[in-house]
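Q: Sharing a structure here in structure tokens format.
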Amino acid sequence: MTLRWQPNRYIWMGLITLVVLCFLLVIFAPSSGIKVHGSTYSRAPEGYLGWYQYMEEQGSPVQRWQRPPKELLAAAGEDGPHTLLQIYSGLVSKGLVLSPAWVDDWLAAGNSLVVLGISQPVTEAQFKTQQASNQGDVVVMTRRRHPNEFQPLGDSYGAVVWRQNRESGTVVLATTPHLAANAHQSDPGNYAFLSKLVTETGGSIWVDEFLHGYKAPDVIVEEAIGTWTEYLAKTPVMVMVIQLGLMMGVFILAQNRRLGTRRLVPSPVVDNSQVYINALAAVLHKAGSTAFMVDAIAKAERINLQKGLGLTETDDASLQQAWTQRTGQGAEILTPLLKPPQASKPMSDSQINQWLVKLHQVRQHIARFKGRQQQP
């Protein structure tokens, strides 16, 4: 009996473990949700990084929004009007875009909404045409048109871009999500035309990157907690009992398997500070928040440098002068610290490592300076 029971026992343990692993894989399967088409972070032909850099060169106040749009009105303040640009990855219906409650609140405050990628009927127009505008010829690659007399851009078949005026606020819609995509870098009229649309109000310009899956770190944490709460709230009691029974079964079988003398495993010493730092670093890395990380490290290293030189708060010039006088090193060594890289897009790991190596060199010089001071 014993010889027959052991193989069956291992088979059942393996099957139960496999079922549990499959269940956990479904629950914890990573899902980035990033939609690069239409994103100002994307270098792909359908991305908008080229137009975003064009706006920065023009000195326009373009900002990326990585939180739910309903929070935008509070963040924008009352010194409007402002403009929100939404670039969809594909075609969507106008009703879906304008139906959320936050859209009415945004427009009621006198702000503007520019949406690229509104689905409209296909006409007899050619797929690729050149539309005349005050900013130059605009290359349009769509046969979809909207019959509207307000035509900032269009032809005899209808409007490619049209306005929908309201009592307060303005809505600008376009039948193509690729109006100023990277594929149009050689068509200057496209970049200039979209720039004109979003700068007409004269206020701040927000580009909705939350739409493409780019989210602030705290938003990611809140959504993760909310997802698990909703899951547990909607899960039937029987399903939860079955899941708990499977986990308890695996635990009991594992505890009954004795392969030798029982040995106590010492409890590892947990460094809560290190665990918190590792968790925060993982969230920032997942979200691509290199700008936040670079800014935080640069501020901390500057404070360390000032303490090492025996200084309090001071400007860059005074800090460089004190550095040269007390360490004998050139002021250019402090450049990576005083002028950290401006991460307009997520930095690669190699770029971050190179920058950290330069900051480490500054720390080594400060340590040598302190050592010389302590010598009799």
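The values are calculated or read from the model by the stated rules, or taken from the named source; none is laboratory data. It should be emphasised that the depicted structure is a prediction, and the values quoted were computed from it without experimental measurement. Cβ coordinates were reconstructed from backbone atoms using ideal geometry, including for glycine residues, and neighbour counts include every protein chain displayed.
Q: Could you please find all residues in segment 313-331 being without any contact (Cβ under 8 Å) to a residue 24 or more places away in the chain and over 16 Å from residue 298 (Cα atoms)?
A: Listed by number, the residues that qualify are 317, 318, 321, 322, 323, 324, 325, 328, 330, 331.
Q: Assuming residue 141 fulfils every condition listed in (1) under 21 Å from residue 95 (Cα atoms); (2) touching a Lys or Arg at 6+ places or on another chain (Cβ under 6 Å) apart from one, which condition is it?
A: Here residue 141 meets the rest and fails (1).
Q: Does any residue of segment 92-108 turn out to be among the β-branched types (Val, Ile, Thr), surrounded by fewer than 21 Cβ atoms within 10 Å (Cβ to Cβ), at negative phi and part of a loop (DSSP other than H, G, I, E, B)?
A: Scanning segment 92-108 turns up no residue that is among the β-branched types (Val, Ile, Thr), surrounded by fewer than 21 Cβ atoms within 10 Å (Cβ to Cβ), at negative phi and part of a loop (DSSP other than H, G, I, E, B).
Q: Quick one: how many residues across segment 121-178 are charged (D, E, K, R) and over 34 Å from the mean Cα position of the chain (by Cα)?
A: 3
Q: Farther than 28 Å from residue 41 by Cβ and either among the hydrophobic types (A, V, I, L, M, F, W, C) or modelled with pLDDT under 90 (or both) - does that describe any residue in segment 128-140?
A: Yes, segment 128-140 contains a residue that is farther than 28 Å from residue 41 by Cβ and either among the hydrophobic types (A, V, I, L, M, F, W, C) or modelled with pLDDT under 90 (or both).
Q: If you go through segment 216-234 one residue at a time, do you hit one that is at pLDDT 75 or above and of a type outside the set (A, V, I, L, M, F, W, C)?
A: The answer is yes, given that some residue of segment 216-234 is at pLDDT 75 or above and of a type outside the set (A, V, I, L, M, F, W, C).
Q: Return yes or no: is residue 206 under 22 Å from the mean Cα position of the chain (by Cα) and at pLDDT 90 or above?
A: In short, yes.
Q: Next up: Looking for whichever is over 16 Å from residue 91 (Cα atoms) and touching a strand residue (DSSP E or B) at 6+ places or on another chain (Cβ under 7 Å) here; the options are 195, 133, 186, 119. Which one fits?
A: Just one listed residue meets the conditions, 133.
Q: Next up: Out of the residues in segment 34-64 that are of a type in the set (Ser, Thr, Tyr) and not in a loop (DSSP other than H, G, I, E, B), state the one that is surrounded by the fewest Cβ atoms within 10 Å (Cβ to Cβ).
A: 54
Q: Another question, then. What residue, among those in segment 157-182 that are out of contact with any helix residue (DSSP H, G or I) (no Cβ under 9 Å at 6 or more places or on another chain) and either among the aromatic types (Phe, Trp, Tyr) or assigned to a helix (DSSP H, G or I) (or both), is nearest to residue 80 (Cα to Cα)?
A: That would be 162.
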